[in-house]
Amino acid sequence: MTEVQVRGLTKRYGDRTAVDALSFDVPAGAVTGFLGPNGAGKTTTLRMLVGLARPTAGAALIDGRRYAQLPNPRRTVGALLEANGFHPGRRGRDHLRILADEANLAEARVEGVLDEVGLTAAAGQKIRTYSLGMRQRLGLAGALLGDPGLLVLDEPANGLDPAGMAWLRALLRRRAAEGRTVLVASHVLAEVAQTADQIVIVHNGQLRHAGPVEPDLERTFLAVTGAGHAG
């Protein structure tokens, strides 16, 4: 079981503070929704968690370790922070084969995750032909390659149609039911309300609320952020 502990996490860019002494926990066996208005610091927090940005202060820990200290990162953490980091001339299957090779994962996992995300039929196509929704699925396939205990996803529903969103919801709920940990940043409050067990709400880089999903998530979100909209 994999857990996340964020402790006093801070990130400054010059005189701008993107994340300000942020502390919260992400439990195993649950889907945690990570919410906040645009510019609240969500993506910066996730980038620090998976080692793509260095904290100014504090720490984001995965089972008590920084990402760089994990012995087999892809077997512990699967991350999808943006769905555009692909070589457009590469085929979907080949993209995943390269990731599997880099992480010393069995090539059989490639076919397994292609099937899991519904891309088997399109795996031989070049990524430049993929829709945004298909790129999201390919990114999810990459995140799932190592069969990780922790999934870290930033706006994974972007580009998905209603059927795709229902599929994603089932995938995340299934991972949590298996005792794994899921942390999802999203601005789609209705989807989070249907999917998440726990929520963490940030605003101006600071923690504003953490706890179980409440019946009226939008009301809670607006109350703690003072935002005029849920975007």
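At a glance:
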| read-out | value |
| --- | --- |
| Order of I127, I199 under a 10 Å beta carbon neighbour criterion, fewest first | I127, I199 |
| Relative contact order computed over region 4-225 (Cα-Cα under 8 Å; 6+ residues apart), in percent | 30 percent |
| Relative exposure of L35, L207, judged by other C-beta atoms within 10 Å (fewest first) | L207, L35 |
| Cα→Cβ-extended label distance, 7 Å offset, between R174 and A103, nm | 1.7 nm |
| Among beta bridges that DSSP assigns inside the chain, antiparallel share in %, nearest 5 | 55 percent |
| Candidates R91, R74, R137, ranked by Gaussian network fluctuation over the chain, Cα under 10 Å, top entry | R91 |
| Tensor-based shape of region 81-206 (alpha-carbon gyration tensor, a/c under 1.5 rounded, otherwise prolate or oblate) | prolate |
| Among V77, V19, V188: highest mean-square fluctuation, GNM of the chain, C-alpha pairs under 10 Å | V188 |
| Rg over Rh [alpha-carbon atoms, Kirkwood Rh] for region 162-221 | 0.97 |
| Sites A223 and D147 - FRET efficiency at Förster radius 35 Å, r taken between beta-carbons, to 0.05 | 0.35 |
| Whole-number percent relative contact order across region 101-231, with pairs defined as alpha carbons under 8 Å at least 6 apart | 16 percent |
| DSSP H segments from the chain that extend 20 Å or more along their own axis, Cα-based, with Kyte-Doolittle mean of 0.0 or above | 162-177 |
| Amide proton proximity set for D20, modelled H, under 5 Å, gap of 5+ | K11, Q206 |
| Value at 222 nm in deg cm²/dmol, rounded to 500, when DSSP H runs of n ≥ 4 in the chain each add -39,500 (n - 2.57) | -9500 deg cm²/dmol |
| Relative compactness, region 133-182, computed as alpha-carbon Rg over 2.2 N^0.38 Å | 1.08 |
| Total charge dipole magnitude, the chain, about the Cα centre, Cβ charges on Lys, Arg, Asp, Glu only, Debye to nearest 20 | 580 debye |
| Part-to-part distance (alpha-carbon centres) for region 1-53 and region 103-162, which is given in Å | 24 Å |
| Choice from T129, T181, T32 with maximal GNM fluctuation in the chain (Cα, 10 Å cutoff) | T129 |
| Theoretical FRET efficiency, 1/(1+(r/R0)^6), r = Cβ-Cβ of Y13 and A210, R0 35 Å, to 0.05 | 0.90 |
| Region 20-144: relative contact order in percent, alpha carbon pairs under 8 Å with at least 6 residues between | 23 percent |
| Likely footprinting exposure, E107, E3, fewest C-beta neighbours within 10 Å first | E107, E3 |
| Tail weight of P(r) past 29 Å, computed on alpha-carbon pairs of the chain, percent | 25 percent |
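Computed from the coordinates by the stated procedures, all read-outs in this text should not be read as laboratory data. Just so we're clear, the structure is a prediction, and the values are computed from it rather than from any experiment. In this analysis, Cβ positions are derived from the backbone assuming ideal geometry, glycine residues included, and neighbour counts consider all displayed protein chains.
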